1. Please find the FRET efficiency linking Asp87 to Leu160, where r is the Cβ-Cβ separation and R0 is fixed at 35 Å, and quote it to the nearest 0.05.
2. May I ask you to order 159-165, 126-132, 136-142, 94-100 by the average number of other C-beta atoms within 10 Å around their residues, highest value first?
3. Taking amide H positions as placed 1.01 Å from N in the peptide plane, with prolines and chain starts having none, which residues 5 or more places from Phe47, or on another chain, fall under 5 Å of its amide H?
4. Got a sec? Charge dipole of the range 31-181, +1 on Cβ for Lys and Arg, -1 for Asp and Glu; which of Asn70, Thr55, Asn41 is way out at the positive end?
5. Spelling out what I want: for every residue of the range 31-42, take phi, set θ = phi - 60°, compute 6.51 cos²θ - 1.76 cosθ + 1.60 (Karplus), and round to whole Hz; glycine and proline get x.
Amino acid sequence: MKKPFLVLIFLLLTLSLTAVIGTTKAQTATVQVTIYAGEINTSQYGFGNSSTTITSPGPTLTFHSGDTVNVTLQNAGTMAHNWAIVDTKSSTGTVLWSAQIASSTNGVPVGQSESVTFTVGNSGNYYYICQVDGHVALGMWGNVVVESAIPEFPIPLMILFLAAAITAIMAYTGRFNFKRTIKL
């Protein structure tokens, strides 16, 4: 009866340790994004992952809080465009995290590209848009989804799990006598 119980404890601790190691915070990612801006037709504008895949709305961008992101905007259109992450789907929305390329009055020229690097903030749903007057209404926007970063698992708790797993292994192999050590 004692050995099956110890095997169960050992397995539970091993699984717990595996889960702990698997959920420790990864290095903050550096994400590279190239997005193309342009016109689909005379009454609809958009963004795409290439100059031939421009859609309205543009492709959804997904990041994690704390990511460092480098976005390059390639203007594949016939007029100047810009790019910004904002809190509302409006050219008057507040720009978040300094995530803006060019401006509404001084956009990226046709055939040119510009870049911005920023650190993603709080999790939530946001928008990227072209702030040039009237372009959001013509479809130049897309969704930005920011997911929570993987929480960092506290090192002392990880050490505790590791010590418990080692104790269970020693007890299972007979190298640790509970009765003598703990005086049961």
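Rule-based calculations on the coordinates, nothing more; no lab input. Computed from a predicted structure; not experimentally measured. In this analysis, Cβ positions are derived from the backbone assuming ideal geometry, glycine residues included, and neighbour counts consider all displayed protein chains.
1. Taking R0 as 35 Å, the efficiency between Asp87 and Leu160 is 0.25.
2. Packing proxy ranking, top to bottom: 126-132, 136-142, 94-100, 159-165.
3. It is Thr55, Gly58, Trp141, by chain and number.
4. Most positive-ward Cα: Asn70.
5. Using θ = phi - 60°, the values come out as 9, 9, 10, 10, 10, 9, 10, x, 9, 7, 7, 5 Hz.
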